[in-house]
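First comes the structure, then the notes that go with it.
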Amino acid sequence: MLSFMTSVPMSAVLIVISFALLCVLTMKGWNLTFVGLLCAIIVGLGTSDGAFVNLTTNFLDGASATAANTFLPFVFAGVFAALMMKTRSGEVITVKLYKIFGPKATPYIITITTIILCMSGMASGVVFIVTPIAFAMLKKANMPRIVGFTALQSCSAIILWCVPGIATAGNFAPAGYLGTSLSAGAGLGLFCTVFGLACSFLYVTYLTRKCRAMGIGYDPYEGEDMSADTDVLELGSNAPSIWVALAPVAVTIIISLILGQTDFSSRAIVLVALFFGSVVCLILNWKRIENKIEVMAKGVNDVTGLVVMCLVLGGYSYTVAATSAYESLLDILAGLDANYYVICWASVALICGLTASTSTGPILFCSTIAPTLISQGADPNIIHRLTSVTATTFDSLPHANSVVSNILFFRLKVKDAYPKVFITTVLVPLAYSLISLLVAVLFF
């Protein structure tokens, strides 16, 4: 019976079933951590250890390897985000830009604020910081909320997964598995960043002008009190200055870029940058932050779910790698007459699209298929960057929980908002990732 379950055909069937469940149940809104664990048990039936012993061997090995690469960076990022939110630093940046450039620049102010916050390594909390201010600015500028949301959503993934050299997931996640630096494939990363942001700015401009030409102004959400005397554009005397708000962001970026030129490991650079960014934020806002320990603890709690999800996905990937079907797949890939980078692009895009997760594709690909491609001659730096920029392609399809939740938080209807978001979060990344793939194939 054991030999039958661990055979290539049967273990392949189990992998297909588990992956189908991973996609279908995720699309239905099931918790990805629970689904990942369930799928690991199913695939474990096809390993020599069996379903439940596998959880204590291959699965834990994968979770442990993933923890080594992602646990501390996410925890430090959570603390930093919590401090930035508590001090209202993000709001200060937005309001200052608004007062300098005025209502007509509202979409670009939203975009620039999002870029600044994401550049510091904030993967969570940005939408919660920007949204209340965005509503106030859009109302004063008489612009529909869809313009503001498109401006917000269009650039965050580009910054977090394309910009080289800074303490973001697109740099430290692949680096942890591949042994590369935060600046790996910098040329491709910079191209994707400039191309992606330029396309996003152009589309937001087009959408703004189209709404203005059609006479579409601010559209209050259901239950919004348009007469309420609450102006969040007036921050009050306790808010930090623009320089105090920007200082922690600048510290994380500068430290990341400087240490990136040294022999520091990628993971250590991320931790140092986020640590000192948090310290600077804490010191400069010492009197503004009450219950400092509680604020930082909340930051850790806020990312706990994301960390556990990544650990489970790492365990699942190691379980898949322990099957005879996976070993057979590696043999096929080794003899496949296809370019390394084509395999990389297709694998990451497919996994991210099916699971609706930006992080799933890089984790599964870098921990399983990538080492084989590198051993066959692929440049690990190009694999790193192609993996990170491709992760932003099909992860934002309609079944993506993160996109849907952001739309709902912005008080929009999915059927109205998603078609606009699709252009900037799927079509634009698809374009720059394919151009990067072409460059990789032709020159590397």
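Which percent of the Cα-Cα distances in region 116-218 go past 17 Å?
The answer is 58 percent, as a whole percent.
Size descriptor for region 85-176, Kirkwood hydrodynamic radius: 13.4 Å (Cα pairs only, one decimal). Run lengths n ≥ 4 of DSSP H only: what is the helix-derived mean residue ellipticity at 222 nm for the chain, with -39500 (n - 2.57) per run over all residues, to the nearest 500? Per the formula, -24000 deg cm²/dmol. In terms of overall dimensions, region 246-347 has a Cα radius of gyration and Dmax of 21.0, 63 angstrom. Label point of E327 set 7 angstrom out along Cα-Cβ; within region 31-53, amide nitrogens under 13 Å from it belong to 47-49.
Its residue count N fixes a reference of 2.2 N^0.38 Å for region 1-108, and the Cα radius of gyration divided by that reference is 1.75. For trypsin sites (Lys or Arg not before Pro), the sites in region 278-325 that DSSP calls loop and that have at most 12 other Cβ atoms within 10 Å are K287. If the Kirkwood radius is taken over C-alpha pairs of the chain, then at 25 °C and 0.890 mPa s the Stokes-Einstein diffusion coefficient equals 109 µm²/s. Each residue, F128 and L430, gets one label point 7 Å from its Cα in the Cβ direction; the gap between the two is 3.3 nm.
Here's the list of lysines a cross-link from K298 could span, going by alpha-carbon distance under 27 Å and ignoring same-chain residues fewer than 8 apart: K86, K287.
Per-residue packing, averaged as other Cβ atoms within 10 Å, sorts the ranges 163-172, 179-188 into the order 163-172, 179-188, beginning with the highest. Each label was represented as a point 7 Å from its Cα along the Cα-to-Cβ direction; for S7 and K210 these points are 5.5 nm apart. Its convex hull of Cα atoms gives region 144-293 a direction-averaged projected area, equal to a quarter of the hull surface, of 12.8 nm².
Accessible surface for E294 stands near 120 Å², nearest 10, in the context of the full protein assembly shown (1.4 Å probe).
Other residues within the sphere of radius under 10 Å centred on the Cβ of T106, judged by their own Cβ, net out at +3 (K and R +1, D and E -1). Building the convex hull from the alpha-carbon atoms of region 24-75 and averaging its projection over directions returns 4.3 nm².
Can you list the DSSP H helices in the chain whose Cα atoms extend at least 24 Å along the helix axis and whose mean Kyte-Doolittle hydropathy is -0.5 or higher?
Membrane-span-like by this criterion, though nothing is claimed about a membrane: 8-27, 58-86, 145-162, 186-213, 242-259, 266-284, 292-321.
Could you compute Rg(Cα) / (2.2 N^0.38 Å) for region 337-383, with N its residue count? Can you show the working numbers first?
On the way: Rg = 10.3 Å, N = 47, 2.2 N^0.38 = 9.5 Å.
That ratio works out to 1.09.
Projected label points at F101 and L408, each 7 Å from Cα along the beta carbon direction, are separated by 3.1 nanometres.
The values are calculated or read from the model by the stated rules, or taken from the named source; none is laboratory data. Predicted model, so just to flag it, every value in this text is computed and none were measured. Neighbour counts are summed over all protein chains in view; Cβ atoms, including those assigned to glycine, are modelled from backbone coordinates with ideal geometry. Quick note on the areas: whole protein, heavy atoms, side chains included, nothing else; ligands and nucleic acids left out. Shrake-Rupley method; radii C 1.70, N 1.55, O 1.52, S 1.80 Å.
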